[in-house]
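*Asks:* Have a look at the structure that comes next, please.
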Amino acid sequence: MKPRLVLACLTTTNVVARARAEFDAIICSGPDDMTVPEATAAATAHRADGILFANTLPLTEAAIAGLPDSVRVLATSSVGYDHVDVAAARARGIMVTNTPGVLDECTADHAMMLLLAAARRGIEYDRIMRQGWRYRIGQGDLLGVRVTGKRVGILGMGRIGRAFARRARGFDMQVLYHGRSRLPPELEQGATYFADFHAMLPHCDFLSIHAPGGPATDRMVDARALSLLPEGAVLVNVARGSLVDEDALLAALRSGRLFAAGLDVFRDEPDFDLRFAALDNVVLSPHIGSATRETRDAMGFRALDNIAAVLANRPAIDPLWRD
Amino acid sequence: MAKPVLFVTRRLPPSIEAQAARDFSARLTPSDVPIADVLAGAAGADAILCCPGDAMDAALIAALPDSVKVIGTFSVGYDHVDLDAARSRGIRVCNTPDVLSVATAECAMLLILAAARRAGEGERMVRSGAWQGWAPTQLLGTQVSGRRLGIFGMGRIGRELARMARGFEMEVHYRDVARLPPELEHDAIFHDNDDSFLPMCEVLSLNAPGGAGTRHWLTGGRIAKLPRGAVVVNAARGSLVDDQALVAALREGHVAAAGLDVYNNEPHLDPAYLGLENVVLLPHLGSATRETRDAMGRIVLAGIAAVLAGQAPRNLVG
């Protein structure tokens, strides 16, 4: 008998096809991802063994307490898991898994896109074109800043941060980083480590955020941090909106202390602070760092693999804790 | 000795205007001027600093005062200056070679990423307040890293782009008239014909010069040989592209997305592009960084000064 699954989020046709083939699955039919009450009801009615979901499903302590006893594994199709109360799941004996590794390259690509678009004013230019471009642009007008050869600071040098560093080196950028601990040389690849985040900032023409969310990193990039960056620096965030004090960021963008920012994540999603939409020197994207067909398939497959492993009494591939 | 007189046809970056005012008796222009004013501005000038878009044609050059000894253009291209007419009057011409390569390659890489990752569409949705929330299937783009990149025209800009693309672990193929020596080629794969080249191009970047030899090179026939879902970018010259064919392929989906910085008939580009969501459009600003424009200004001012001092600078053309 196939294991029973609730697929609580909309996903690619390839992932849906595999879920149907390998599981007795209830598939979210949309138009939106399941809410917590919907997912709980589906799991209860279906006596589900596992739930596959995304960061649209906030599995708080209360939500986890409400799940039926049949559920043995919760697999989020994301690398971040700040939407899950992992301790509560663990206390109930429910394994939680994520999908690290499969979205690093795609997310690092997106970060470099935002960096280039912010520095080179790509989206602002696109707006000029769509408004008709019927005026001469002087040789000194609408200039961006060069990326090649500059210094980039990376906050959080995990897999995605390191994938981003590889791309930055293709632009001859000098790579600096801050993380909880220094990497071994084979992962550091010549990047300069700063144990003190604030000590790194004066050397960063660009700052790219790749650290996890959660209370430990909340508002790490605040007014003080932004004031330590050189005049005219560019900020990129494809990690979590919670890392940034958005009031301070808005002020720095308005005053011109920051040249530009490229943001894929926001403190409140999708109801992000609309004051950003009034600024020309930001590039905005709707949390699509991992949004390629290839990567979304890989994430969904990885989540299914995790569920299959746990339900077959094998170790999870990507457990969020190890006993 | 009095400083030589330099007439500048356009507003330039502030640091370059400052340098011009320091080294020359500079006639700066606070805004863009109609080309009819060039003769008035050039009266008694030793040198003219012009820009792309200023048509320095045979008639205009014939009418220049005898005092003019050198024309500098704030660009690498000089198809707007009639070199024969200048030569016949003994006027030297200099430009801004080399210093645009990196900025233009950055622009091409930006276009590749922005087109493949649907940056324009995502931006418009978020900025308009229409974002309904995250979904695994929303705005799915094409992954860039690890793909095959085809570069049509492997000059300085093409090679800079290849270097950037290696950071994305892209396999680089290139098409050009001749194969590069190994120290310039690195691990890029040379193609001596379109039929072997085009099917390799999951991403195609045009980096060849304009002119008759490459006019409308990207035809419907060549587009059909690209893999389905390819991404096409052009930061070189608009004349390389048959717009009708590219628009048709973008509508049909054979080309998934395009990123364009240059157009046929600028600034009056084919309006069909403006109605497409799967294009990212830039107003010919491939070299538009402060650093690059400053470098362009320095090199062209140095060239003008050298000519007036009786020297032959490296950036003379023709």
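The values are calculated or read from the model by the stated rules, or taken from the named source; none is laboratory data. All of these numbers come straight from a predicted model, not from anything done at the bench. Cβ sites come from the backbone with ideal geometry, for glycine too, and all protein chains shown count toward neighbours.
*Asks:* Being assigned to a helix (DSSP H, G or I) and within 18 Å of A:Ala119 (Cα to Cα) is the filter here; which residues of the range A:221-240 pass it?
*Replies:* A:Leu226
*Asks:* Can you find a residue that is more than 8 Å from every other protein chain (Cβ to nearest Cβ) and crowded, with 24+ Cβ neighbours inside 10 Å anywhere in the range B:192-199?
*Replies:* No, that holds for no residue.
*Asks:* Got at least one residue in the range A:261-271 being surrounded by fewer than 24 Cβ atoms within 10 Å (Cβ to Cβ), more than 12 Å from chain B (Cβ to nearest Cβ), touching a strand residue (DSSP E or B) at 6+ places or on another chain (Cβ under 8 Å) and in a loop (DSSP other than H, G, I, E, B)?
*Replies:* yes
*Asks:* Has the range B:17-27 got any residue that is over 27 Å from B:Gly238 (Cα atoms), in a loop (DSSP other than H, G, I, E, B) and outside the structural domain of B:Ala235 (by TED's automatic domain parsing)?
*Replies:* Within the range B:17-27, one or more residues are over 27 Å from B:Gly238 (Cα atoms), in a loop (DSSP other than H, G, I, E, B) and outside the structural domain of B:Ala235 (by TED's automatic domain parsing).
*Asks:* Sort out for me the helices (runs of 4 or more DSSP H) sitting completely within the range A:112-220 that have 3 or more residues that are among the charged types (D, E, K, R) and under 25 Å from the mean Cα position of the chain (by Cα).
*Replies:* Fully inside the range A:112-220 and qualifying: A:159-170.
*Asks:* Also, quick follow-up: Test of understanding: among A:Asp104, A:Asp69, which residue is within 10 Å of chain B (Cβ to nearest Cβ) and either at pLDDT 95 or above or closer than 22 Å to B:Gly146 by Cα (or both)?
*Replies:* Exactly one residue qualifies, and that residue is A:Asp104.
*Asks:* Considering only the range A:219-247, how many residues are touching a strand residue (DSSP E or B) at 6+ places or on another chain (Cβ under 6 Å) and among the polar types (S, T, N, Q)?
*Replies:* 1
*Asks:* OK, next. Is there a residue in the range B:109-124 that is more than 30 Å from A:Thr76 (Cβ to Cβ), surrounded by 16 or more Cβ atoms within 10 Å (Cβ to Cβ) and free of Cβ contacts under 8 Å to residues at least 60 places away in the same chain?
*Replies:* Yes, there is a match, as at least one residue in the range B:109-124 is more than 30 Å from A:Thr76 (Cβ to Cβ), surrounded by 16 or more Cβ atoms within 10 Å (Cβ to Cβ) and free of Cβ contacts under 8 Å to residues at least 60 places away in the same chain.
*Asks:* Here's another thing I want to ask about it. Provide a single number: the residues in the range A:26-57 that are over 18 Å from A:Ser290 (Cβ atoms) and either within 11 Å of another protein chain (Cβ to nearest Cβ) or exposed (fewer than 15 other Cβ atoms within 10 Å of the Cβ) (or both).
*Replies:* Qualifying residue count for the region: 9.
For (1) on the phi < 0 side of the Ramachandran plot; (2) touching a helix residue (DSSP H, G or I) at 6+ places or on another chain (Cβ under 9 Å); (3) in the same structural domain as A:Ala54 (by TED's automatic domain parsing), each residue gets a yes or a no:
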site: A:Asp264; (1), (2), (3): yes, yes, no
site: A:Asp271; (1), (2), (3): yes, no, no
site: A:Asn306; (1), (2), (3): yes, no, yes
site: A:Pro319; (1), (2), (3): yes, yes, no
site: A:Arg322; (1), (2), (3): yes, no, no
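*Asks:* Being at the interface with chain A (Cβ under 7 Å from one of its Cβ atoms), touching a residue at least 24 places away in the same chain (Cβ under 8 Å) and either farther than 26 Å from A:Gly300 by Cα or not in a strand (DSSP E or B) (or both) is the filter here; which residues of the range B:131-161 pass it?
*Replies:* Within the range B:131-161, B:Thr142, B:Gln143, B:Val144, B:Ser145, B:Gly146 qualify.
*Asks:* Now for a separate question. Regarding the range B:281-295, can at least one residue be identified that is assigned to a strand (DSSP E or B), more than 30 Å from B:Arg87 (Cβ to Cβ) and of a type outside the set (Asp, Glu)?
*Replies:* yes
*Asks:* Still on this model: Quick check on my filter: what residues within the range B:301-318 are over 23 Å from the mean Cα position of the chain (by Cα) and at positive phi?
*Replies:* B:Gly310
*Asks:* From (1) touching a residue at least 24 places away in the same chain (Cβ under 8 Å); (2) more than 23 Å from the chain's Cα centre (by Cα); (3) over 19 Å from A:Ala309 (Cβ atoms), pick out the condition that doesn't hold for A:Asp33.
*Replies:* (2)
*Asks:* Oh, and also: Just one of (1) of a type in the set (Lys, Arg); (2) surrounded by 23 or more Cβ atoms within 10 Å (Cβ to Cβ); (3) in contact with a helix residue (DSSP H, G or I) (Cβ under 8 Å, 6 or more places away or on another chain) trips up A:Arg92, so point out which.
*Replies:* Only one criterion is unmet by A:Arg92, namely (2).
*Asks:* Sticking with this one: Would you confirm whether any residue within the range B:162-181 is surrounded by 16 or more Cβ atoms within 10 Å (Cβ to Cβ), in a loop (DSSP other than H, G, I, E, B), more than 7 Å from chain A (Cβ to nearest Cβ) and basic (Lys, Arg)?
*Replies:* no
*Asks:* A follow-up question, please. Filter the range A:109-138 for residues that are at the interface with another protein chain (Cβ under 7 Å from one of its Cβ atoms) and out of contact with any strand residue (DSSP E or B) (no Cβ under 9 Å at 6 or more places or on another chain) and give the result.
*Replies:* A:Arg134, A:Arg136, A:Ile137, A:Gly138 - these are the residues of the range A:109-138 that are at the interface with another protein chain (Cβ under 7 Å from one of its Cβ atoms) and out of contact with any strand residue (DSSP E or B) (no Cβ under 9 Å at 6 or more places or on another chain).
*Asks:* Going through A:Ser255, A:Ser290 one at a time, which residue ends up being polar (S, T, N, Q) and closer than 30 Å to B:Gly229 by Cβ?
*Replies:* Within the list A:Ser255, A:Ser290, the selection yields A:Ser290.
*Asks:* Would you mind stating whether B:Met56 is more than 11 Å from chain A (Cβ to nearest Cβ), within 21 Å of the chain's Cα centre (by Cα) and surrounded by 20 or more Cβ atoms within 10 Å (Cβ to Cβ)?
*Replies:* Criteria met by B:Met56.
*Asks:* Something else: Filter the range B:71-130 down to residues that are assigned to a helix (DSSP H, G or I) and within 14 Å of chain A (Cβ to nearest Cβ), then give me how many there are.
*Replies:* Within the range B:71-130, residues that are assigned to a helix (DSSP H, G or I) and within 14 Å of chain A (Cβ to nearest Cβ) number 25.
*Asks:* To continue, here is another question. Considering the range A:139-167 alone, what residues qualify as being buried (at least 18 other Cβ atoms within 10 Å of the Cβ) and within 7 Å of chain B (Cβ to nearest Cβ)?
*Replies:* Residues satisfying the conditions are A:Gln139, A:Gly140, A:Leu143, A:Gly144, A:Val145, A:Arg146, A:Val147, A:Thr148, A:Arg166, A:Arg167.
*Asks:* To continue, here is another question. Does the range B:4-26 contain at least one residue that is closer than 17 Å to B:Asn315 by Cβ, among the small types (Gly, Ala, Ser) and within 14 Å of chain A (Cβ to nearest Cβ)?
*Replies:* The answer is yes; a qualifying residue exists.
*Asks:* Taking only the range A:1-25 into account, find how many residues are within 11 Å of another protein chain (Cβ to nearest Cβ) and either charged (D, E, K, R) or in a strand (DSSP E or B) (or both).
*Replies:* Residues that pass the stated criteria total 1.
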